[in-house]
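Working notes, beginning with the structure itself.
The values are calculated or read from the model by the stated rules, or taken from the named source; none is laboratory data. Small disclaimer: the values here were computed from a predicted structure and weren't measured. Methodologically, a virtual Cβ is constructed for each residue, glycine included, from the backbone with ideal geometry; neighbour enumeration extends over all protein chains shown. Only protein heavy atoms, including side chains, enter the accessible area calculation; ligands, DNA and RNA are left aside. Shrake-Rupley method; radii C 1.70, N 1.55, O 1.52, S 1.80 Å.
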Amino acid sequence: GPTANIRNFSIIAHVDHGKSTLADRILERLGAMGERDKRDQTLDTLELERERGITIKSTPIRLNYRRENGEEYVFNLIDTPGHVDFNYEVSRSLAACEGVLLLVDASQGVEAQTIVNAYLAIDNNLEIIPVVNKIDLPAADPEGAAQELEEVIGIPAEDAVFASGKAGLGIPEILEAIVERIPPPPGDPQAPLKALIFDSFYDAYQGVILFVRVLEGTLTPKQPIMLFGTGKTFEVDKVGTFTPGLVVGDSLPAGTVGWVAAGIKDIHDAQVGDTITQKDRPTPEPFPGFKPAQPVVFSGLYPTSTEEYRKLRDALEKLKLNDAAFTFEPETSEALGFGFRCGFLGLLHAEIVQERLEREFDLDLIATAPAVVYRVTLTNGDVFETQNPAEFPTRDRIDMVEEPYIKLSIMQPEEYVGPVMQLLQERRGSMVTMNYVGKRVELIYEVPFAEILYDFHDRLKSISRGYASMDYEQIGYREGDLRKVDIQVNNEVVDALAVIVHEDKAYSLGRKIVDKMAEVIPRQMFPVPVQATIGGKIIARATVKAYRKDVLAKCYGGDITRKKKLLEKQKKGRARMKQIGTVEVPQEAFLAVLSTD
Ligand code: GDP
Ligand code: MG
């Protein structure tokens, strides 16, 4: 058929197993990188991605491959993120593909995310090409890694291609495997249009740019289109492909991956997962669509100065288009004023959104401590969900509280099983199974999600000397003995500081929060008490000490440059402060619950 020479594929792997590096090598081999743009990790386009060395957004790219016999192929390659927070982006990308390269680091073997990603591909009926990567490393054991893939996932070891993205080994074999093993996309370019939106971003000049996989028919400029979900109609302005920059083209026939601009100005009209069809010749059925991303972690975002509220709202709207997974709605706090309650896929996602807001939109923000969604049954029988500790009802009105649980999978060498099990015990986990994979062990536990939210990953890495890896999925709600801990500053309850915590941990957590706050709140002319309370009863107390007069005097008496420096330093610090009564509370205080010590 007309798509016989097209291959749409993705690269999936555990984080750091070398996806981006291998993608670069493939791009280079296929001449997609001019000498000038030759730099590491070309597909990691966000500034933040480069700095953190992680892939957040999936970036598609179109490549031309010519076989030795002269046959020409078009490859659409989609790089995917590897962090568990972004599994949603991975599954969206996979819906646009027929196959995947499943990378495994030859020195590490199969890790927790290797397994989860492989199953995502299997669930999407994709052809899997196993690639054992980093074979240049002295510690590489390529045969061992291939054997693990067979043992754990059932992919025949002899199917593995051995490669090194860094040293450029195995690239021709990978390109041939893509042609031979991944099927061409189905689809009839003459059929009524059916295109799947798998991503989008907002461009100041062209409006919303949609990333699409055309399943049936052909997308062309001037075509009248309709979005299935909203019923809204538009006229196609431009279509094109990715190199990875946007390149304008003539048309996008069935089987291809590309972008569409259609003068869409309202960001709510363009929903990721929706199907585009032709207005006057619609396809009978939309693409079954994706499971919409479910935010699982919530936190309040407030501008440090109230004048920035509208600017923050505009920024959130723009960012939401670029990141379909996060949600926001207005909320007010007595302490912080007007802001937004935002939903995220995980803690890393929350950090990234906040950082992007501050950098790309030049905002100064205060974020409240991340919380999960609790389900509360009241004594009058009403059931409601809340992700805002400030809204948590008082004890006497509560019949039952349930919290979200996850199924956690952790892989580690045998010698760390003991300490890891102990950590899971501390986090209220219960073991489901334990599987041996060669000399390593996979532990499956059920754990309250809130227990792994803050510092779990860091602790896991440190007790296993970096050898343990983890992944998880949400498995529903279970009853728990949960309490609301209120925090008072200068004898006033600060609503935005409340946290929900298991009864067994309420005292130690209250202690940790007040100690941290007393440490980070700047000194006043008078001592400021900080208290943690449950139902009005004080469970922990600390004091922000008053200034010592002589220290102050020294500052004021000092030479002029030193005083200036001091003032400047204070001003900078002040950007991330919020005035609560007479006390200035810095960002760190709001995240005291996250502090590790
Ligand atoms: P990703 O997280 O899967 O995208 O992984 P990256 O491509 O960002 O690579 C993670 C780290 O592994 C980086 O420090 C790379 O330089 C390194 N790396 C990637 N591929 C290879 C390889 O083939 N050999 C070696 N020795 N190192 C590699
Ligand atoms: Mg990467």
- Note on the structure: Of the candidates Gly255, Gly207, Gly187, the one satisfying the condition of being closer than 24 Å to Ala325 by Cα, touching a residue at least 40 places away in the same chain (Cβ under 8 Å) and open to solvent by less than 50 Å² (accessible area, probe 1.4 Å) is Gly207
- Could you grab me the full set of residues in region 283-309 that are at pLDDT 90 or above and over 30 Å from Gln190 (Cβ atoms)? Val297, Phe298, Ser299, Gly300, Leu301, Tyr302, Pro303, Glu308, Tyr309
- Considering each residue of region 398-418, count those that are open to solvent by 50 Å² or more (accessible area, probe 1.4 Å) and part of a helix (DSSP H, G or I), and give that number. 2
- Item | Single unsatisfied condition, Arg576 versus (1) surrounded by 12 or more Cβ atoms within 10 Å (Cβ to Cβ); (2) modelled with pLDDT of 75 or more | (2)
- Message: Going by what's in this entry, would Asp203 be described as of a type in the set (D, E, K, R) and out of contact with any Leu (no Cβ under 9 Å at 6 or more places or on another chain)?
- Response: no
- Item | Segments classed as strands (runs of 3 or more DSSP E), wholly inside region 223-263, with at least 1 members that are small (Gly, Ala, Ser) | 238-242, 246-249, 257-261
- Taking the residues in region 99-136 that are in a strand (DSSP E or B) and β-branched (Val, Ile, Thr) as candidates, determine which candidate is nearest to Met470 (Cα to Cα). Val104
- Message: Is it the case, given these coordinates, that Asp123 is over 20 Å from Gln412 (Cα atoms), open to solvent by 60 Å² or more (accessible area, probe 1.4 Å) and not hydrophobic (A, V, I, L, M, F, W, C)?
- Response: yes
- Message: Suppose the filter is within 30 Å of Asp105 (Cα to Cα), assigned to a strand (DSSP E or B), among the hydrophobic types (A, V, I, L, M, F, W, C) and open to solvent by 30 Å² or more (accessible area, probe 1.4 Å); does Met434 pass it?
- Response: yes
- Can Pro330 be described as touching a residue at least 24 places away in the same chain (Cβ under 8 Å) and open to solvent by 50 Å² or more (accessible area, probe 1.4 Å)? no
- Query: What tally of residues in region 368-397 results from selecting those that are modelled with pLDDT under 90 and either assigned to a strand (DSSP E or B) or in contact with a Pro (Cβ under 7 Å, 6 or more places away or on another chain) (or both)?
  - Reply: 0
- Message: Being in contact (Cβ under 8 Å) with a residue 60 or more places away in the chain and within 11 Å of ligand 1 (Cβ to nearest atom) is the filter here; which residues of region 134-163 pass it?
- Response: Lys134, Ala163
- Message: So if I check each of Ala167, Ala146, Ala140, which one is under 31 Å from the mean Cα position of the chain (by Cα), within 28 Å of Met434 (Cβ to Cβ) and not in a helix (DSSP H, G or I)?
- Response: Ala140
- Which one of the conditions (1) of a type in the set (Ser, Thr, Tyr); (2) at pLDDT 95 or above; (3) within 28 Å of the chain's Cα centre (by Cα) does Thr220 fail to meet, given that it meets all the rest? (3)
- Message: Pairs needed: first member in region 518-540, at positive phi; second member anywhere, assigned to a loop (DSSP other than H, G, I, E, B) and β-branched (Val, Ile, Thr); C-beta distance under 9 Å; at least 6 residues apart or different chains.
- Response: Gly535/Thr394
- Can you find a residue in region 277-292 that is open to solvent by 30 Å² or more (accessible area, probe 1.4 Å) and in contact with a Phe, Trp or Tyr (Cβ under 6 Å, 6 or more places away or on another chain)? yes
- Across region 359-382, which residue is nearest to Asp455 (Cα to Cα) among those that are under 30 Å from the mean Cα position of the chain (by Cα) and open to solvent by 90 Å² or more (accessible area, probe 1.4 Å)? Arg359
- Query: Checking Lys461 against (1) outside any helix (DSSP H, G or I); (2) surrounded by fewer than 19 Cβ atoms within 10 Å (Cβ to Cβ); (3) basic (Lys, Arg), which single condition isn't satisfied?
  - Reply: (1)
- Task: Could you tell me whether region 161-181 includes any residue that is acidic (Asp, Glu), within 30 Å of Gly229 (Cβ to Cβ) and open to solvent by 30 Å² or more (accessible area, probe 1.4 Å)?
- Result: no
- Message: Taking the criterion of being within 16 Å of ligand 2 (Cβ to nearest atom) and of a type in the set (A, V, I, L, M, F, W, C), would at least one residue in region 170-191 satisfy it?
- Response: no
